[in-house]
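*Asks:* Sharing a structure below in structure tokens format, with a few things to ask.
The values are calculated or read from the model by the stated rules, or taken from the named source; none is laboratory data. What you see is a predicted model; the values in this text were computed from it and never measured. Note that each Cβ is placed from the backbone with ideal geometry, even for glycine, and that neighbours are counted across all protein chains shown.
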Amino acid sequence: MKCPHCTTSVNLEIEVTTTWLTKGNDESHTGYDVACGHCPECKDFIVMLRHGMAKINRDNGYYYLDTVTNENVLYPKYSARKVEPEVPDHYRKDFIEACSVLPFSPKASAALSRRILQDILIGKFEIKHRNLDKQIDEFINMKDVPSYLTQAIDAVRNIGNFAAHPLKDTNTGEIVEVESGEAEWLLEVLESLFDFAFIQPIRLEQKKSVLNQKLQSIGKPPMKG
Ligand SMILES: [Zn+2]
């Protein structure tokens, strides 16, 4: 799993609680347990509620989950995603919201993320097309965009299966079905886009200005460009 604290992919060593059998007319014995453990990387604590098929342990008479069909992280409440201070406030707010609703509604998270993506393409890169599909085309054909980013943004259309869900293209903020992994992918893409569009340009300017001050202090003219 990916640690929700530090986002590293880790093998969590877990301890599980008693298994509670699902109440009601449940012939097949499904049940719940709570699994927890410390992330081996950041050492932070993680708690998950798991659901699956329960079997009885003949030695002690207790049930345990034999196969886990579903698990939800109960703690931490939101998955960690750091937003650097260079990212403008309105994108940051929407992005944090897209992260925080992800565990409850990947559909809502993906809709927010698509809208942020479109807002950046229009607001920052002045791409005028109305449909996200065309906007992505124009963006990936722009000069100076690194290939990892063009490929990542291009994949938004395939992973989201725009062909089957045309509203994702024409009404980006619409809450529609998501494909598996789509909401998470959009968040990854937005992080890379934040870096390229907002963070790196400001940091490069800052480095340049430090170098220019050094030049000035030794009586030399500033760098060109
Ligand atoms: Zn961790």
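*Asks:* Report yes if ASP33 is loosely packed, with under 12 Cβ neighbours inside 10 Å and out of contact with any helix residue (DSSP H, G or I) (no Cβ under 9 Å at 6 or more places or on another chain), otherwise no.
*Replies:* no
*Asks:* Could you tell me whether ILE56 is within 13 Å of the ligand (Cβ to nearest atom) and surrounded by 12 or more Cβ atoms within 10 Å (Cβ to Cβ)?
*Replies:* It is false that ILE56 is within 13 Å of the ligand (Cβ to nearest atom) and surrounded by 12 or more Cβ atoms within 10 Å (Cβ to Cβ).
*Asks:* Only one of GLY37, GLY31 is within 16 Å of the ligand (Cβ to nearest atom), in the same structural domain as LEU65 (by TED's automatic domain parsing), assigned to a strand (DSSP E or B) and small (Gly, Ala, Ser); which?
*Replies:* When all the criteria are applied, what remains is GLY37.
*Asks:* Quick check: anything in the range 44-51 outside any strand (DSSP E or B) and either over 22 Å from GLU184 (Cα atoms) or modelled with pLDDT of 90 or more (or both)?
*Replies:* Yes, because at least one residue in the range 44-51 is outside any strand (DSSP E or B) and either over 22 Å from GLU184 (Cα atoms) or modelled with pLDDT of 90 or more (or both).
*Asks:* Same structure again: Return the only residue of LEU215, LEU167, LEU187, LEU149 being outside the structural domain of ILE122 (by TED's automatic domain parsing) and among the hydrophobic types (A, V, I, L, M, F, W, C).
*Replies:* LEU215
*Asks:* How do the helices (runs of 4 or more DSSP H) wholly within the range 146-218 filter down when requiring 2 or more residues that are at pLDDT below 95, of a type in the set (Asp, Glu) and surrounded by 12 or more Cβ atoms within 10 Å (Cβ to Cβ): which remain?
*Replies:* Because the criterion is at least 2 residues that are at pLDDT below 95, of a type in the set (Asp, Glu) and surrounded by 12 or more Cβ atoms within 10 Å (Cβ to Cβ), the helices (runs of 4 or more DSSP H) in the range 146-218 that meet it are 182-194.
*Asks:* What about THR18, is it assigned to a loop (DSSP other than H, G, I, E, B), in contact (Cβ under 8 Å) with a residue 24 or more places away in the chain, more than 29 Å from GLU191 (Cβ to Cβ) and β-branched (Val, Ile, Thr)?
*Replies:* yes
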